Amino acid sequence: MLHNCKSVHAVKSPAAVGRVFSFCLLSADKQNRWPHPQRSVRIMKPSTSTLGDLGFEAMVLQGETSSGEIEALFRADRALRAVVVNVRGTLNLLTRDHLDHQMTGRLGYGRALNARVTAEALLPCTTFSLPPSLDLRAAAAALLDRPEEGRYQDLLVVPGSGAPRVVPVWQVFEGLSDVFRHAALHDPLTGLANRLGLEESGQALLGGSGATRTAALYVDLDDFKVVNNTFGHRAGDSVLTTFATRLVACTRPVDRVARLGGDEFAVLLTDVDESIALTLADRILHVLNEPFAHDGHLLRISATLGLAMGSDLGSAGQDAGRHLEDLLRQADAAMLQAKHEGKRRLGRIDPALPASRFARQALIRRRLPQALGNEGFSLHYQPLMDIRTGQSLAVEALLRWKDPELGAVSPDEFIHIAEHTGLIHAVGLWVIDEACAQARRWQDAGTPRAVSVNISPLQLAAGNLATDLHAALQRHSVPASLLNIEITESTAIVDLPAAAAQLRTLINSGIGVSLDDYGTAYSSLALLRELPLTGLKLDKSFIDAVDTDPTSRILVAGVMASARALGLRTTAEGVERETQLAVLRELGCGTAQGYLIARPLPPAELAHSWPAQNTAAGS
């Protein structure tokens with residue numbers, strides 16, 4: 001982005017803008033009164049976000065200023081880096097380095113040759129300038145576009161009004177580092193600290209406070225997904241930002257408030273006793289009595305809180321990081337227990353009682369994000385056997401998680417937590433990518449297998465499932481015919497027309513689509529009518545008594561007939577007995593899956609174990 005000689009180039013970009021929120025709380029009765037004044041809330045942002053905040057105000061000289069006067073200025077102030085020269089209304093930058101080069105160059109005769117020239121004649125051929133409103137990311141990109149010989153020279157910043165500024169390049173990259181650090185430690189929607197930011201600032205806070213005088217509140221908005229599903233994500237974002245403001249307004253300046261993800265927040269308190277912590281919890285519940293206004297609607301939202309006191313944990317002598325981890329986990333478990341008891345309340349776990357299942361759930365919530373980064377997840381594959389031929393050319397990918405602290409964690413334990421916290425999208429992307437990578441490996445080995453992956457309705461609701469699937473197929477060079485998805489029914493499909501459109505796109509591209517666990521949860525004949533499908537998987541509960549109970553056999557036969565009429569391939573799940581397999585073969589079921597055929601196996605074991613089991617199952 002170099003300019004012609006003595007020209008000024010303007011780059012327009014919106015300035016980074018920080019949000020300033022203020023909220024006036026409803027007056028509370030004396031019992032709920034928080035003993036600290038309410039405070040207006042300024043959402044935190046980096047101290048420097050645009051070029052106009054950097055550098056120094058430049059001295060402006062006229063073009064006819066003599067070289068001697070300019071040299072005298074630089075000799076008088078050794079800290080002076082540059083001056084700006086105005087030549088007929090155009091601003092140009094003259095740095096100390098360039099002046100020294102001009103005055104000492106030309107075989108040592110530079111000073112003599114330039115003794116009588118003016119500032120205009122001393123100027124470099126090009127001046128690099130940027131507008132003050134430019135954010136630092138764009139400024140850094142513009143600097144890196146410069147030729148290497150001029151990349152690290154000072155730049156000129158020219159405002160619409162007021163004095164120009166000179167900005168050293170190192171300040172741009174130092175400020176950009178601050179921007180990235182801020183982004184890494186803060187939630188972009190609310191401006192609050194994120195989980196990483198809470199861990200960093202919280203450890204510093206706890207390190208200077210007695211462990212027994214600390215507390216943590218875990219705050220979860222009740223049924224928040226209803227807002228997103230009914231009014232849209234813009235309404236949900238509006239509620240989250242407004243609640244963040246109210247939450248911060250309830251606290252003291254020394255407290256730490258964070259958005260942990262989704263609709264979950266945390267407040268870390270120091271130098272408090274139980275009565276102060278309970279007062280704050282009451283205050284948070286109280287401010288939610290006021291509805292949230294959005295687009296002409298008044299949205300009423302409640303929250304469930306969990307409280308953990310440092311005195312409950314016996315953390316004396318424990319390092320601050322471990323103490324913070326234990327506090328948050330205990331508060332999370334208390335919140336989950338309060339949810340179970342009816343929501344819209346404060347939960348507290350009696351430290352004298354044995355650890356509850358809620359404590360394990362809280363630990364799963366804390367450990368789940370780490371599983372994505374430390375290779376805690378793996379995929380096992382269960383063969384799908386063609387009942388007529390006894391062959392298996394397809395498998396279902398089943399997610400497994402082994403955690404150093406929790407041990408083996410069942411999908412029944414962590415999938416609904418992933419859906420609640422929003423991690424299901426990241427987990428789902430990992431599963432899709434790993435399944436496609438394994439399909440590629442089997443294809444390269446000359447033993448191609450179609451792979452089925454489970455998809456949550458929440459992944460469908462995000463609207464980018466087709467893009468994610470096609471990207472993974474392309475990344476691993478896997479044909480679409482080797483990928484099938486199974487829509488699980490752990491959560492109701494809210495927008496059936498939108499889901500149907502996505503599934504139709506997948507089917508048209510060659511990807512198979514099956515409705516999983518048919519006969520349980522939300523699945524019904526209506527879904528068979530509304531959703532485009534290529535397959536139907538009958539839940540194990542249908543198959544359990546198909547060989548012993550005439551009624552079960554009649555029901556399975558009816559479903560098989562409906563599926564055939566719709567052109568769907570049927571798969572029976574949970575097949576464990578030869579007699580079940582015989583009945584399914586008689587009823588015309590296409591595929592069987594279950595422990596009779598094979599257990600889910602790691603890829604390395606599948607090739608060795610399947611042939612023997614295949615022969616037994618197909619006999």
Problem set entry | Selection count where residues are out of contact with any Cys (no Cβ under 9 Å at 6 or more places or on another chain), surrounded by 17 or more Cβ atoms within 10 Å (Cβ to Cβ) and in contact (Cβ under 8 Å) with a residue 12 or more places away in the chain, scope the range 226-251 | 16
Exercise. If you check residue 141 against the conditions, is it more than 29 Å from residue 174 (Cα to Cα), aliphatic (A, V, I, L, M) and open to solvent by 40 Å² or more (accessible area, probe 1.4 Å)?
Worked result: no
Exercise. List, please: which pairs have Cβ atoms under 7 Å, are six or more places apart or on different chains, and start with a residue in the range 120-140 that is under 25 Å from residue 102 (Cα atoms) and in a loop (DSSP other than H, G, I, E, B) and end with one that is open to solvent by less than 30 Å² (accessible area, probe 1.4 Å) and at pLDDT 85 or above?
Worked result: 123/85; 123/92; 123/94; 127/92; 127/93; 127/156; 128/155; 128/156
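Quick one: is residue 68 surrounded by fewer than 20 Cβ atoms within 10 Å (Cβ to Cβ), part of a helix (DSSP H, G or I) and at pLDDT below 90?
On the way: surrounded by fewer than 20 Cβ atoms within 10 Å (Cβ to Cβ): yes; part of a helix (DSSP H, G or I): yes; at pLDDT below 90: yes.
When the stated conditions are applied, residue 68 passes them.
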Exercise. Are any residues in the range 411-435 open to solvent by 50 Å² or more (accessible area, probe 1.4 Å), among the charged types (D, E, K, R), under 22 Å from residue 360 (Cβ atoms) and in contact (Cβ under 8 Å) with a residue 12 or more places away in the chain, and if so, which ones?
Worked result: 413
Problem set entry | Filter result (at pLDDT 85 or above, touching an Asp or Glu at 6+ places or on another chain (Cβ under 7 Å) and within 17 Å of residue 486 (Cα to Cα)) within the range 519-562 | 537, 538, 539, 540
Problem set entry | Leading residue by the ranking (least open to solvent (accessible area, probe 1.4 Å)) among those in the range 160-174 that are without any contact (Cβ under 8 Å) to a residue 24 or more places away in the chain and closer than 15 Å to residue 60 by Cα | 162
For this session: Would you mind telling me which numbered condition in (1) under 22 Å from residue 527 (Cβ atoms); (2) open to solvent by 20 Å² or more (accessible area, probe 1.4 Å); (3) not aromatic (Phe, Trp, Tyr) residue 479 fails?
Result: (1)
Problem set entry | Top-ranked residue in the range 389-410 [being crowded, with 19+ Cβ neighbours inside 10 Å and over 28 Å from residue 264 (Cβ atoms); ranked as nearest to the chain's Cα centre (by Cα)] | 397
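Considering every residue within the range 175-189, establish whether at least one is assigned to a strand (DSSP E or B), aliphatic (A, V, I, L, M), open to solvent by less than 80 Å² (accessible area, probe 1.4 Å) and modelled with pLDDT of 85 or more. Walk me through how you get there before you give the answer.
Quick first cut of the range 175-189, residues assigned to a strand (DSSP E or B) only: 186.
In the following step, the residues that additionally are aliphatic (A, V, I, L, M) were identified as none.
No, the range 175-189 has no match at all.
The values are calculated or read from the model by the stated rules, or taken from the named source; none is laboratory data. Given the structure is predicted, the values throughout are model-derived calculations rather than measurements. Because the Cβ atoms are built from the backbone with ideal geometry, glycine has one as well, and the counts that use them run over all protein chains shown. Surface areas here come from the heavy atoms of the whole protein model, side chains and all, with no ligands, DNA or RNA. Shrake-Rupley method; radii C 1.70, N 1.55, O 1.52, S 1.80 Å.
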